[in-house]
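To start, the structure itself, in C-alpha cells.
The values are calculated or read from the model by the stated rules, or taken from the named source; none is laboratory data. All values reported here derive from a predicted model rather than from experimental measurement. Note that we place each Cβ from the backbone using ideal geometry, even for glycine, and neighbour counts take in every protein chain shown. The accessibility values were calculated without ligands, DNA or RNA, using every heavy atom of the protein model including side chains. Shrake-Rupley method; radii C 1.70, N 1.55, O 1.52, S 1.80 Å.
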Amino acid sequence: MGCFALATQPRPMAMRRAGLLGRHYASPFRLLCRQISTEPQAAVDRLKESGLLKTQGLIGGKWIDAYDGKTIQVQNPATGDVITSVPCMGRNETTSAISSAYNTFSSWSKLTASERSKCLRKWYDLIISHKEELALLITLEQGKPLKESLGEVSYGAAFIEFFAEEAKRIYGDIIAPTIDDRRLFVLKQPVGVVGAITPWNFPLAMITRKVGPALACGCTVVVKPSEYTPLTALAAAELALQAGIPPGALNIVMGNASDIGDTLLESTQVRKITFTGSTAVGKKLMAGSASTVKKISLELGGNAPCIVFDDADLDVAVKGSLAAKFRNSGQTCVCANRILVQEGIYEKFANAFAKAVRGLQVGNGLIEGTVQGPLINEAALEKVETIVRDATAKGADVVIGGKRHSLGMTFYEPTVLGNVSKDMLIFRQEVFGPVAPLMRFKTEEEAIQMANDTNAGLAAYIFTMSMPRSWRVSEALEYGLVGVNEGLISTEVAPFGGFKQSGLGREGSKYGMDEYLEIKYVCLGNLKGT
Ligand code: ADP
C-alpha cells in the first residue's frame, strides 16, 4: 500500500448512514461493557486519556515519525471518519528498526527463559487490564462489534500468556552416540531477528501469536501491521514497553508495504519472516525470502468447507455454521466459504439457517446488539458484489440478502445463496464477506471430493452425530484444522496452520515455538582425552 489518504465523508452524513444518528445513538450500551460510550469521538477521547492512542512508529524503544514526515490516515470503516494519522514509513525506517532489533538480540536472547517469561507475563497482565481500551481501538479501526473485539483481546492476550509459560519449556536432546568416546547433544536456539507482517482482520491477535513465541524463544521482532489497523499494534507495543520488554526487542513500522517488505526480505540480519495475509502476497514473500534463505512461516487464504450431513443435529449445525461463516462479517481465513449440505437435510437446514441469518443485526460495532459490522473497505465490498453477481448469473438463488446494506458505507446484507454449484467463483475464491453459499451433495465420498477440490487447506467443519463418520471424514479432509460439531475452534493451545497453498508452519501451541528456533547439534568428542 502506498502512502495515501482515503476520501472521507462529512461526519453527520457518514454517521447517519452508519446508523449512529438513529434510535440507538443515545441509548446506553447495556451489554458487557456498559461503561463504553457508543459515540466514536468519545471513544477516541477516552483512548487519548488512557495514553494508548499512539500515532508514531516504535524503533529502538522510541516513538518516531516517518523520516520525511509523511503520514497515512487511519479511518473508521463504519463512519468514514479519520481517527488519526500514523507515519508512512519505508526503507530507511525499516533499516533502523532491523538494526535496533539486531543489536537487542544479543542481550534479550541471553536472558534466562524465566526472565523473558516474567516480562511476557507482565505484558499479558497489562493487556488484560486495558482490555476495554484495546477493544475500542479494534472496533474503531477494524469495525467488528465491540463484543467480538473484547473476545479478540482475550484471545490475543492468551497467546502472550501461553508463550510466557512455554518460554521455560524449550527442551533439547541427548542422542546415544555411535562412537563410544563421543556425546551428542541437540540444542534449540532462537533464530534471530524476525520480520512479522500482519493483516487487518485481527489487529491484535495476529500480532501476539507471532510476537509471543518469538520473544519467548529469545528472538527480537520488527512488526509491520496492516496500514488499515496500526493503532491496536501501537497500543500493544506501548504496553510491552510498560511491561519491561526492552527497547529494541519489539519494533513497529508501517507505511509503504512493499518497501518495508522488501527491506525485511533483503536484510541478512533478518533470519525469519512470519506472515498472515493473502496467498498472493505470501507467495511474493516466500520467493523474496529465497535470496537470503530465511526461515518462513505463512498463514494464507482458506476456502473452508462446512459439511452438514443428514445425520447432523440441526440446531448444532445451524449454530455452528452461523458462527463459522459470520464471525467478523465473514472476514477471517477460517470462515466457512462453502456450506455443503446433504440432500436429505438440505431444505430443513436452508430454512433454519436463513431464519438465523435474518436475525443478525448489522451496524456500527459500537452500538449495542450489533453482530455484523462493515467490511474493511470499498475493494472488499466490490469483491463480494462480484462474487454474488457471478453466482446469481450462473443460477444461484438469493435466499436472503444479496446486496449492499441500506446503512451505506461498506455494510453488506448478511446473505444466503441457495443451489450454488462448482462452476461459480465462490467455489474457488474466498469471498471474505457475509455471504453463505449452500451446495447440495448426495454421498460422503462426494462431500469429501468437493471439500478437497481446492488449492486451499486451512479450516474445515463437519456436522454429524456419527462418531465413525467424524473420524473418517476428519482424516480424509486435506485441511490443517477440522471442527467437528463446532464452528469456532481457534485457541492458543492448539496448532493453527494450513495444508496446500494455505501456508507453511503452525502458530499457537507447542508447535508454534519451533518456528522461532534453530536446531543445533553439538558433538563432544575425544572424551578419553585429558
Ligand atoms: P489483505 O488483502 O487481507 O489486506 P494482504 O496480503 O494484502 O491481505 O495484506 C496483509 C499484510 O501484508 C498487510 O500488512 C499488508 O500491508 C502487507 N503487504 C501487502 N503487500 C505487501 C508486500 N508486497 N510486501 C510486504 N507486505 C505486504
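Condition (residue is open to solvent by 40 Å² or more (accessible area, probe 1.4 Å), of a type in the set (Ser, Thr, Tyr) and closer than 22 Å to PHE441 by Cβ) applied to region 389-407: is it met by at least one residue? If you could, list the steps in order and put the result at the bottom.
We begin by selecting, within region 389-407, every residue open to solvent by 40 Å² or more (accessible area, probe 1.4 Å); these are 389, 392-395, 397-399, 403-406.
Checking which are of a type in the set (Ser, Thr, Tyr) leaves us with 392, 406.
Next, only the ones that are closer than 22 Å to PHE441 by Cβ stay: 392.
The answer is yes, given that some residue of region 389-407 is open to solvent by 40 Å² or more (accessible area, probe 1.4 Å), of a type in the set (Ser, Thr, Tyr) and closer than 22 Å to PHE441 by Cβ.
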* To do: Name every residue in region 435-458 that is closer than 24 Å to GLN372 by Cβ and either more than 16 Å from the ligand (Cβ to nearest atom) or open to solvent by 30 Å² or more (accessible area, probe 1.4 Å) (or both), in order of residue number.
  => VAL435, ALA436, PRO437, LEU438, MET439
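How many residues does region 196-219 hold that are in a helix (DSSP H, G or I) and not polar (S, T, N, Q)?
Here is the first cut: in region 196-219, the ones in a helix (DSSP H, G or I) are 205-217.
So of that shortlist, the ones also not polar (S, T, N, Q) come out as 205-207, 209-217.
Qualifying residue count, region 196-219: 12.
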* Asked: Restricting the search to region 283-309, which residues are more than 19 Å from PRO434 (Cβ to Cβ), under 19 Å from the mean Cα position of the chain (by Cα), more than 11 Å from the ligand (Cβ to nearest atom) and open to solvent by less than 10 Å² (accessible area, probe 1.4 Å)?
  -> SER297
* Asked: Considering region 469-490 alone, what residues qualify as being among the charged types (D, E, K, R) and assigned to a loop (DSSP other than H, G, I, E, B)?
  -> GLU478, GLU486
* **Meets criteria (closer than 23 Å to ILE72 by Cβ, in a helix (DSSP H, G or I) and more than 16 Å from the ligand (Cβ to nearest atom)) for ALA240** => yes
* Asked: If a residue has to be surrounded by fewer than 22 Cβ atoms within 10 Å (Cβ to Cβ) and in a loop (DSSP other than H, G, I, E, B) to count, how many in region 417-429 make the cut?
  -> 5
* Could you say which residue among ALA233, ALA312, ALA323, ALA257 is within 15 Å of the ligand (Cβ to nearest atom) and open to solvent by 10 Å² or more (accessible area, probe 1.4 Å)? -> ALA257
* Asked: Which one of these does VAL357 not meet: (1) surrounded by fewer than 22 Cβ atoms within 10 Å (Cβ to Cβ); (2) in contact (Cβ under 8 Å) with a residue 12 or more places away in the chain; (3) in contact with a strand residue (DSSP E or B) (Cβ under 9 Å, 6 or more places away or on another chain)?
  -> (1)
* Before we move on, is PHE432 open to solvent by 10 Å² or more (accessible area, probe 1.4 Å) and in contact with a helix residue (DSSP H, G or I) (Cβ under 9 Å, 6 or more places away or on another chain)? -> yes
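Looking only at residues in region 266-282 that are of a type in the set (A, V, I, L, M) and crowded, with 21+ Cβ neighbours inside 10 Å, which one is nearest to the ligand (Cβ to nearest atom)? Let's see the steps before the verdict.
As a first pass, look at region 266-282 and keep what is of a type in the set (A, V, I, L, M): 270, 273, 280-281.
Filter once more, so that each one left must be crowded, with 21+ Cβ neighbours inside 10 Å: 270, 273.
Working: VAL270: 12, ILE273: 9 Å.
Ranking the candidates gives ILE273 first.
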* To do: Quick one: GLN501 ticks every box in (1) within 20 Å of ALA317 (Cα to Cα); (2) open to solvent by 40 Å² or more (accessible area, probe 1.4 Å); (3) part of a helix (DSSP H, G or I) except a single one, so which number is it?
  => (1)
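Residues are listed down the side, and each one gets a yes or a no for (1) of a type outside the set (A, V, I, L, M); (2) closer than 21 Å to ASN328 by Cβ; (3) surrounded by 24 or more Cβ atoms within 10 Å (Cβ to Cβ):
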site: LEU184; (1), (2), (3): no, no, no
site: GLY192; (1), (2), (3): yes, no, no
site: PRO199; (1), (2), (3): yes, yes, no
site: PRO225; (1), (2), (3): yes, yes, yes
site: GLU238; (1), (2), (3): yes, no, no
site: GLY244; (1), (2), (3): yes, no, no
site: ASN251; (1), (2), (3): yes, no, yes
* To do: Tell me, yes or no, whether region 174-196 has at least one residue that is touching a residue at least 60 places away in the same chain (Cβ under 8 Å), within 14 Å of the ligand (Cβ to nearest atom) and among the small types (Gly, Ala, Ser).
  => yes
